[in-house]
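The values are calculated or read from the model by the stated rules, or taken from the named source; none is laboratory data. Fair warning: this is a prediction, and the values are worked out from it, not measured in the lab. Here the Cβ positions follow ideal geometry from the backbone for every residue, glycine too, while neighbour counts run over all protein chains shown. Remember, those area values only see protein heavy atoms, side chains included, never the ligands or the DNA or RNA. Shrake-Rupley method; radii C 1.70, N 1.55, O 1.52, S 1.80 Å.
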There are 2 protein chains.
Amino acid sequence: MEAKANGPSVNAGRVMDGPTNPMVTPLLTDLYQFTMAYAYWKAGKHNDRAVFDLYFRKNPFGGEFTVFAGLEECIKLIANFKLTEEEISFICETLPGSCEEGFVKYLRNIDCSDVEVYAISEGTVVFPKVPLLRVEGPVAVVQLLETPVLNLVNFASLVATNAARHRLVAGKSKMLLEFGLRRAQGPDGAISASKYCYVGGFDATSYSDNAYGSSLFFTNVDSLSKLMFVLLVSVLCCVLASNVAAGRLFGIPLRGTHSHAFVSSFMSPDEILERSLHRSDGSSTCEDFVSLVQSWLSKIQWAKALGNTVGETNQSELAAFTSYALAFPNNFLALVDTYDVMRSGVPNFCAVALALNDLGYKSVGIRLDSGDLAYLSGEARKIFQIIEKEFGLLGFGKTSITASNDLNEETLDALNKQGHEVDCYGIGTYLVTCYAQAALGCVFKLVEINNQPRIKLSEDVSKVSIPCKKRCYRLYGREGYSLVDIMTGENEPCPKVGERILCRHPFNESKRAYVVPQRVEELLKCYWPGKSGKVREELPALKDIRDHCIKQLEQMRPDHMRRLNPTPYKVSVSAKLYDFIHFLWLNEAPVGELQ
Amino acid sequence: MEAKANGPSVNAGRVMDGPTNPMVTPLLTDLYQFTMAYAYWKAGKHNDRAVFDLYFRKNPFGGEFTVFAGLEECIKLIANFKLTEEEISFICETLPGSCEEGFVKYLRNIDCSDVEVYAISEGTVVFPKVPLLRVEGPVAVVQLLETPVLNLVNFASLVATNAARHRLVAGKSKMLLEFGLRRAQGPDGAISASKYCYVGGFDATSYSDNAYGSSLFFTNVDSLSKLMFVLLVSVLCCVLASNVAAGRLFGIPLRGTHSHAFVSSFMSPDEILERSLHRSDGSSTCEDFVSLVQSWLSKIQWAKALGNTVGETNQSELAAFTSYALAFPNNFLALVDTYDVMRSGVPNFCAVALALNDLGYKSVGIRLDSGDLAYLSGEARKIFQIIEKEFGLLGFGKTSITASNDLNEETLDALNKQGHEVDCYGIGTYLVTCYAQAALGCVFKLVEINNQPRIKLSEDVSKVSIPCKKRCYRLYGREGYSLVDIMTGENEPCPKVGERILCRHPFNESKRAYVVPQRVEELLKCYWPGKSGKVREELPALKDIRDHCIKQLEQMRPDHMRRLNPTPYKVSVSAKLYDFIHFLWLNEAPVGELQ
């Protein structure tokens, strides 16, 4: 992620790229962050040392876990946080009233060199109330970070979690393709979605048993433009229907299929003019591939093993399949539901595939985009198996079946329950728009200023913030599963392996448990040291973030991860922090007067 | 929208900017569009003349109407559709198998000069099945447009519809602010959302009765960059919590407020060092504004009219309000729910407002961000009215109350039913992410090729496409409301005022009605004439699109627009088209064999 080009920023002798999207600048923020900065400056408070926590209050999608994503983009924003003269002039014109020269000078010097960011590693499974980022620094500067950082974390974590949930229900053996470009929220919605779907476990590798891009790889992107890095990811996630802008600079092999329109744009095989096709080994040429297909279709229609179930198929569809095979004989994947899957699409596919086989080509498979996917995939599989036997076509029974009709967690689950023969899912709308829950409610709350802990009260207890600059730990039990997350004050001793510690629910006094951890993991690590001199955690490659995420998901106790009535994971505070929260609460809340 | 800079394209002597988002290029498409282009080219079919319809099948949000948006961006894409050499090389490397020189030449010459686009005007209220765009041209080129055009229309129309629904339930008299930047789907999600929320009826003007930006205006943006144009819109929609990048180049007056963190960052009024404030007319200076506030707070606490209900208020909150007022005496808007709205926030606000009034400043109002908004706004209003009377502060009873806590259609509706005193709503998450339904399912279907009508069949009747190059009309009745939309074949005579015409449901043979229109409006207009020589419709200014939309919404029969059980609007086909659809359907669907 480190490069020399594109607005680099120097920190601890390192240079870091800016955010992937060039629109992420210090001005991508709410106006009130600048009005507050001015008010802080007027009050002489702008350099007060503040600590903010970024966290969410509820797991999305009715689940009990969330995948944290978006950290790298936040750090890149912070590393490059600097206002230009033009931006400063605009801010000053915009603020109500006259903008004093002192404030202009102040804005000119703003950067994040005195900001410290501690964060949970990107791709970690996380839970409500535990800070994902702890941002410490001059209050006015940290407030300016609030809006862009929330924007960068909210959707990233939401869509990574959505992808992880789809992967969990689909199972490990299935190929998952992200198909969302056309339905995403705006032109680059699909790009963020693709990146974070990959983190959450969508596939970036090839089919294992067919012709799909077997040499997909990650190139070294250090010297390539920021935008292109994410575009790369986008390609890796969408082998079938991928954003083409994506692969441009990376030389990644991609394969395509066709649409319904392609099928219905043909009228009949007669209109195919160029009918010849070389054998795959180049040894000879079939002069009339169209006739070869027709003769195979007749054989299928007359095959006793198929019970004479195949009648007349749609000729425009046959023409489209034949044309596509002539263009891509090594990558023949047919969309079989334009007219009738079993009466037309599948027999037509088989006729073309058998003709290709004569010339030494192996077909990829079919795609189903409507109808009863469980039933149709099963019926298609039977046909493939019969044809393998009938015509001695080794492996044809395992021809790949892709399904892609408005799939989501529920439909994948229903398919599993019914039984099906789908090998690969193309998931679009429900995945990239997070249809089941379109937003994650991350918030950014002040927890300490000038070493004074602060609390934000609310009539709604779930909205009360947990005060103090905190440390956060994950405690693991004997079986290797994590048992509980615990937050403590910054200066409390670290929980120790084998030592009993009392974990308390932050707001419910009766919910408490003693825990003897077998392993203790500190969650918040230093990703931006400011002036503290601490060592900065490296930003891992996206592939490593993904691996970390998948490992994390595997290590969770299954009852937290199940779709139906998952068990909430425990998030707690130390006894000392518990007492302090409630002391501060009573201290800040006015006592009512009843009359 | 016309400019000389930024990759202009010439058509009919005119120059047009490219799409707002620079990521919208010919490569922002699914790979399969290029594999199909190659297959068409191989089959010699690439220049076959195809007609595609872009339409949706179901209105979003459980409603019976949709606002069409995104057209301008589509036309800008089409006007500038051209592959670079670099892009062509990438495509050729990407396609499986060798890319022939002839195809490279073909790609090099691709543009939309022979494409014709007819579309419904942006901002029009539209209904399922009726084409929003009809795109005609060489099949391979039009297919390349499919993915980006769907991306540009889908979210734009969805969020414009969502905004219109929120406006309908809020009522005309309320101020509606778009608050979504931090929760939007990705860094520029909020920018598209802001643009199209404005189209759908969100406010871009100022409060009428307070200090809010009374001179908001639209500048001439012709010569400014494309990105900034939409950013401008973003600002216009978010007066309170607006994207700052937005207003940068336009000099639009913006006002700000503050957050909970600002309130809790203060400890007590003692920490305010600079306490002096000039009178608004500059005639004198109050040396200790902090004490003036404190004395007003005492008066409030002792005021008999308030029944001694005001006890000790939170001093850190009072300090924050006082500081903010010192920074922005003309724009004092206080967030009053950090500790306790009625016991602390409102009395503190009133104390500061009364102190400001002493010095000739008029306060803006309060913002409620949690709790029972109906109750709290009513209670706050009572206090304001009592203070107006008690202290002779003319107009203080009408102090503006803004509400902003996870608002959506349902909560606005519930507030209306309970009664409330809210003047202004800040709507974020539910609006910009279209939380109630995160995607609109627009599709792009082939309806004719080489003058041969085409149909896409499906087991699901709602997914069967309506074949033929069509014309579309809206027929109006005596009361001025539109009665029905009707699609006819391209060459059928136009429905005439006063002449009876049979309108048939496209798929349900028993649903028919004779209509005698009092007015006939042709819906599809020529927005990109290709080589036809037709006159191109001008792309209207965004403000005009918005005005058109608001007028359209007002002209709809109310029962189509209501939230609960709205009446579906009728969409029909001519008798001739009906017959043809069903002839083609039977013709294309294979006849089954039962044994």
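Can you say whether B:F68 is within 8 Å of another protein chain (Cβ to nearest Cβ) and surrounded by 23 or more Cβ atoms within 10 Å (Cβ to Cβ), as far as the supplied structure shows? Step through it out loud before you land on a result.
Working: within 8 Å of another protein chain (Cβ to nearest Cβ): no; surrounded by 23 or more Cβ atoms within 10 Å (Cβ to Cβ): yes.
No.
Going through A:N348, A:N408 one at a time, which residue ends up being over 23 Å from A:S283 (Cα atoms), assigned by the TED database to the domain that holds A:W296 and either among the hydroxyl-bearing types (S, T, Y) or touching a helix residue (DSSP H, G or I) at 6+ places or on another chain (Cβ under 9 Å) (or both)?
Numbers: A:N408 fails: assigned by the TED database to the domain that holds A:W296.
Testing whether each residue is over 23 Å from A:S283 (Cα atoms), assigned by the TED database to the domain that holds A:W296 and either among the hydroxyl-bearing types (S, T, Y) or touching a helix residue (DSSP H, G or I) at 6+ places or on another chain (Cβ under 9 Å) (or both) leaves just A:N348.
Which pairs turn up if I take residues in the stretch B:265-277 that are facing chain A (nearest Cβ under 8 Å) and closer than 17 Å to B:L292 by Cβ and look for partners that are surrounded by 13 or more Cβ atoms within 10 Å (Cβ to Cβ) and of a type in the set (D, E) with beta carbon separation below 7 Å, at least 6 apart in sequence or on another chain?
none
Just to check your reading of the model, which residue among B:L354, B:L359, B:L306 is in contact with a Cys (Cβ under 9 Å, 6 or more places away or on another chain) and more than 27 Å from A:F52 (Cβ to Cβ)? Spell out the reasoning first.
Values: B:L354 fails: in contact with a Cys (Cβ under 9 Å, 6 or more places away or on another chain); B:L306 fails: in contact with a Cys (Cβ under 9 Å, 6 or more places away or on another chain).
None of the other options fit; the residue is B:L359.
Just the residues that are within 14 Å of chain A (Cβ to nearest Cβ), out of contact with any Ser or Thr (no Cβ under 8 Å at 6 or more places or on another chain) and β-branched (V, I, T), please, taken from the stretch B:112-145.
Answer for the stretch B:112-145, where residues must be within 14 Å of chain A (Cβ to nearest Cβ), out of contact with any Ser or Thr (no Cβ under 8 Å at 6 or more places or on another chain) and β-branched (V, I, T): B:V135, B:V141, B:V142.
What are the residues in the stretch B:47-65 that are open to solvent by 30 Å² or more (accessible area, probe 1.4 Å) and more than 17 Å from B:F444 (Cα to Cα), if any?
B:N47, B:G62, B:E64
How many of the residues making up the stretch B:320-332 are within 23 Å of A:L457 (Cβ to Cβ) and in contact with a Leu (Cβ under 8 Å, 6 or more places away or on another chain)?
First, pick out the residues of the stretch B:320-332 that are within 23 Å of A:L457 (Cβ to Cβ): B:320-325, B:332.
Filter once more, keeping what is in contact with a Leu (Cβ under 8 Å, 6 or more places away or on another chain): B:325, B:332.
Residues that pass the stated criteria total 2.
Name the residue that is modelled with the highest pLDDT, counting only residues in the stretch A:351-388 that are out of contact with any helix residue (DSSP H, G or I) (no Cβ under 7 Å at 6 or more places or on another chain), within 23 Å of B:K456 (Cβ to Cβ) and open to solvent by 40 Å² or more (accessible area, probe 1.4 Å).
A:Y375
Which of (1) closer than 30 Å to A:H166 by Cβ; (2) assigned to a helix (DSSP H, G or I) does A:E538 not meet, given it meets every other one?
(2) is the only condition that A:E538 fails.
Those residues that are in a helix (DSSP H, G or I), over 25 Å from A:P506 (Cβ atoms) and open to solvent by 40 Å² or more (accessible area, probe 1.4 Å), I need them from the stretch A:544-595; list them, please. Spell out the reasoning first.
At the first step, the residues of the stretch A:544-595 found to be in a helix (DSSP H, G or I) are A:544-555, A:558-561, A:575-588.
Adding the requirement that they be over 25 Å from A:P506 (Cβ atoms) leaves A:544-551, A:553-554, A:558.
Those that are in a helix (DSSP H, G or I), over 25 Å from A:P506 (Cβ atoms) and open to solvent by 40 Å² or more (accessible area, probe 1.4 Å): A:D544, A:D547, A:H548, A:I550, A:K551, A:E554, A:P558.
Kindly list the number of the only condition in (1) more than 30 Å from A:W302 (Cβ to Cβ); (2) open to solvent by less than 20 Å² (accessible area, probe 1.4 Å); (3) away from chain B (no Cβ under 12 Å); (4) part of a loop (DSSP other than H, G, I, E, B) that fails for A:G480.
A:G480 satisfies all of (1) more than 30 Å from A:W302 (Cβ to Cβ); (2) open to solvent by less than 20 Å² (accessible area, probe 1.4 Å); (3) away from chain B (no Cβ under 12 Å); (4) part of a loop (DSSP other than H, G, I, E, B) except (2).
Just for the stretch B:117-157: of the residues that are open to solvent by 10 Å² or more (accessible area, probe 1.4 Å) and among the hydroxyl-bearing types (S, T, Y), which one is nearest to the chain's Cα centre (by Cα)?
Checked the stretch B:117-157; the qualifying residue nearest to the chain's Cα centre (by Cα) is B:S121.
For B:L412, which of the numbered conditions (1) open to solvent by less than 10 Å² (accessible area, probe 1.4 Å); (2) modelled with pLDDT under 95; (3) over 30 Å from B:G137 (Cβ atoms) fails to hold?
Unmet condition: (2).
Being part of a loop (DSSP other than H, G, I, E, B) and over 33 Å from the mean Cα position of the chain (by Cα) is the filter here; which residues of the stretch A:495-530 pass it? Steps first, please.
From the stretch A:495-530, those part of a loop (DSSP other than H, G, I, E, B) are A:495-500, A:505-511, A:516-518, A:523-524, A:529-530; that's our starting set.
Passing the criteria: A:K496, A:V497, A:G498, A:E499, A:R500, A:N508, A:E509, A:S510, A:K511, A:V516.
Could you go through the stretch B:449-460 and let me know if any residue there is under 17 Å from B:T124 (Cα atoms), among the β-branched types (V, I, T) and in the same structural domain as B:Q143 (by the TED database).
Just the residues of the stretch B:449-460 that are under 17 Å from B:T124 (Cα atoms), to begin with: none.
There is no residue in the stretch B:449-460 that is under 17 Å from B:T124 (Cα atoms), among the β-branched types (V, I, T) and in the same structural domain as B:Q143 (by the TED database).
Which members of the stretch A:280-292 meet the condition of being more than 14 Å from chain B (Cβ to nearest Cβ) and either buried (at least 22 other Cβ atoms within 10 Å of the Cβ) or in a loop (DSSP other than H, G, I, E, B) (or both)?
A:D281, A:S283, A:S284, A:E287, A:D288
Sort out which residues of the stretch A:46-65 are at the interface with chain B (Cβ under 7 Å from one of its Cβ atoms) and of a type outside the set (A, V, I, L, M, F, W, C), and write them in order of number.
A:D48
I'm trying to understand the selection: among the residues of the stretch B:418-469, which are crowded, with 22+ Cβ neighbours inside 10 Å, more than 10 Å from chain A (Cβ to nearest Cβ) and closer than 25 Å to B:N59 by Cβ?
B:Y425, B:I427, B:L431, B:I466, B:C468
How many residues, within the stretch B:86-140, are at pLDDT 95 or above and in a loop (DSSP other than H, G, I, E, B)?
17
A quick yes/no check of all residues on (1) outside the structural domain of B:W528 (by the TED database); (2) free of Cβ contacts under 8 Å to residues at least 40 places away in the same chain:
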{"site": "B:D111", "(1), (2)": "no, yes"}
{"site": "B:D114", "(1), (2)": "no, no"}
{"site": "B:V125", "(1), (2)": "no, no"}
{"site": "B:P131", "(1), (2)": "no, no"}
{"site": "B:T147", "(1), (2)": "no, no"}
{"site": "B:M175", "(1), (2)": "yes, no"}
{"site": "B:E178", "(1), (2)": "yes, no"}
{"site": "B:Q185", "(1), (2)": "yes, no"}
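If a residue must be within 16 Å of A:S363 (Cβ to Cβ), open to solvent by 50 Å² or more (accessible area, probe 1.4 Å) and without any contact (Cβ under 8 Å) to a residue 40 or more places away in the chain, how many such residues does the stretch A:389-409 contain?
The qualifying residues number 2.
Looking at the stretch B:417-439, can you tell me whether even one residue there is assigned to a strand (DSSP E or B) and of a type in the set (F, W, Y)? Working first, answer last.
Kept after step one, since they are assigned to a strand (DSSP E or B), are these residues of the stretch B:417-439: B:424-427.
Pick out the ones that are also of a type in the set (F, W, Y) and you get B:425.
Yes - at least one qualifying residue is present in the stretch B:417-439.
If I ask for residues that are hydroxyl-bearing (S, T, Y), out of contact with any His (no Cβ under 8 Å at 6 or more places or on another chain) and either open to solvent by less than 10 Å² (accessible area, probe 1.4 Å) or more than 9 Å from chain B (Cβ to nearest Cβ) (or both), which ones from the stretch A:314-340 would you list? I'd like the intermediate steps shown before the answer.
As a first pass, look at the stretch A:314-340 and keep what is hydroxyl-bearing (S, T, Y): A:316, A:322-324, A:338-339.
Right, trim to out of contact with any His (no Cβ under 8 Å at 6 or more places or on another chain) and you get A:316, A:322-323, A:339.
Scanning the stretch A:314-340 gives A:S316, A:T322, A:S323.
Which of the residues belonging to the stretch B:73-85 are out of contact with any strand residue (DSSP E or B) (no Cβ under 9 Å at 6 or more places or on another chain) and either in a helix (DSSP H, G or I) or of a type in the set (D, E, K, R) (or both)? Reasoning before the result, please.
At the first step, the residues of the stretch B:73-85 found to be out of contact with any strand residue (DSSP E or B) (no Cβ under 9 Å at 6 or more places or on another chain) are B:73, B:77, B:83-85.
Scanning the stretch B:73-85 gives B:E73, B:L77, B:E85.
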